[in-house]
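**Student:** My structure is below; once you've seen it, I'll send some questions.
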Amino acid sequence: MKNCLITLVASLLAMPATLGALDYPCTTAEPQKSGWPLTEEEKQYVSKPEHERRPGAEQKKHLPAMWPVTPSAGHWGGTSWLDMHAKLVKEAEASKGPIDVLLVGDSITMQWGAAWTRHFPKLKTVNIGIGGDKTQNVLWRLDHGGVAGLEPRLVIVLIGNNNMFFTPETGIEAAAKGIQMVVANVREKFPTAPVIAVKIFPAHAPGNRFYEDIKKINAALDTLKLDNDPKVTVLDLWSDMVNADGTLKKGLFTPDNIHLTQDGGYLLYATKLKPLVEKWLAKP
């Protein structure tokens with residue numbers, strides 16, 4: 001592990017397009033770097049607001065480029081985020097062993113709901129989506145019991161939308177590297193399982209900072225060439241979700257212009273996923 005005081009630009013450039021053994025570019029003062037259940041010391045640490053645990057906080061350094069690529073527990077106030085994680089850990093433990101699909105992400109993954117069952121009724125699936133999660137929160141959950149004991153045949157990753165809240169500080173490149181790091185994490189944990197890495201869906205409208213930053217991050221993902229790994233497929237639904245003028249297609253999104261409708265957005269998502277899911281699950 002490298003110390004947080006390393007040169008940030010150099011550390012990001014040093015991350016290869018396809019990571020092998022996972023090595024985070026920054027380590028924090030977190031007492032328990034992995035494993036579940038949490039020690040009392042770790043519980044105390046993650047009970048602090050997330051901004052107090054960010055990389056560099058111990059040295060009173062502002063290192064925003066390290067945020068998306070360094071595991072960090074989420075925080076909704078009190079223990080509610082940790083309680084949600086604990087619930088998902090328990091669900092994963094109940095499904096211990098072989099499963100067909102592991103879904104990894106934020107609220108868009110969490111809200112698959114009935115749509116997933118309708119479109120993929122025969123697949124044994126574990127969904128570890130948590131609303132509001134950023135790449136760093138998913139990294140923490142993957143390392144702290146979120147997928148322990150599971151043996152997925154396929155992993156589907158969609159993460160990054162909530163990193164848009166912080167791109168004015170972190171920059172675009174770091175957010176893209178965060179997505180790369182999540183893919184690398186699941187590839188390390190499940191070396192035989194292929195991964196479908198889904199690019200961030202459009203949100204809001206052209207000219208909106210979120211919308212424009214998502215476009216830039218998706219473009220940055222192209223330069224990282226995640227699919228140089230033969231077990232990684234990148235899925236891009238942007239052109240299917242916007243009109244010719246770039247505005248969001250009606251019927252696909254809920255009124256917040258972020259989340260998907262069950263009968264529109266998730267139908268499209270499932271339709272685009274289906275041939276890839278069938279392809280990978282058909283392999284021995």
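The values are calculated or read from the model by the stated rules, or taken from the named source; none is laboratory data. Not measured: the values here are computed from a predicted model. Because the Cβ atoms are built from the backbone with ideal geometry, glycine has one as well, and the counts that use them run over all protein chains shown.
**Student:** Of TRP140, TRP81, which residue is within 23 Å of PRO37 (Cα to Cα), in contact with a Pro (Cβ under 8 Å, 6 or more places away or on another chain) and aromatic (Phe, Trp, Tyr)?
**Tutor:** On the way: TRP81 fails: in contact with a Pro (Cβ under 8 Å, 6 or more places away or on another chain).
Matching residue, one of TRP140, TRP81: TRP140.
Yes or no, residue by residue, for (1) hydroxyl-bearing (Ser, Thr, Tyr); (2) farther than 25 Å from GLN262 by Cβ; (3) surrounded by 16 or more Cβ atoms within 10 Å (Cβ to Cβ):
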site	(1), (2), (3)
THR70	yes, yes, yes
ALA94	no, yes, no
ILE99	no, no, yes
LEU102	no, no, yes
THR109	yes, no, yes
HIS119	no, no, yes
LYS122	no, no, no
ILE130	no, no, yes
TRP140	no, yes, yes
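**Student:** Report, by residue number, each residue of the range 66-83 that is of a type outside the set (A, V, I, L, M) and touching a helix residue (DSSP H, G or I) at 6+ places or on another chain (Cβ under 7 Å).
**Tutor:** Residues of the range 66-83 of a type outside the set (A, V, I, L, M): 67-68, 70-72, 74-81, 83.
Within the range 66-83, TRP67, PRO68, THR70, PRO71, SER72, GLY74, HIS75 qualify.
**Student:** Six or more apart or on different chains, Cβ under 8 Å: which pairs go from a residue in the range 237-262 that's at pLDDT below 95 to one that's assigned to a loop (DSSP other than H, G, I, E, B)? Could you list them?
**Tutor:** No pair meets every condition.
**Student:** Take the conditions surrounded by 13 or more Cβ atoms within 10 Å (Cβ to Cβ), within 16 Å of the chain's Cα centre (by Cα) and β-branched (Val, Ile, Thr) and apply them to VAL46. Does it pass? If you could, list the steps in order and put the result at the bottom.
**Tutor:** Values: surrounded by 13 or more Cβ atoms within 10 Å (Cβ to Cβ): yes; within 16 Å of the chain's Cα centre (by Cα): no; β-branched (Val, Ile, Thr): yes.
Criteria not met by VAL46.
**Student:** Next question. Let me spell it out: the conditions are (1) assigned to a loop (DSSP other than H, G, I, E, B); (2) surrounded by fewer than 16 Cβ atoms within 10 Å (Cβ to Cβ); (3) touching a Ser or Thr at 6+ places or on another chain (Cβ under 9 Å), and LYS279 meets all of them except one. Which number is the exception?
**Tutor:** (1)
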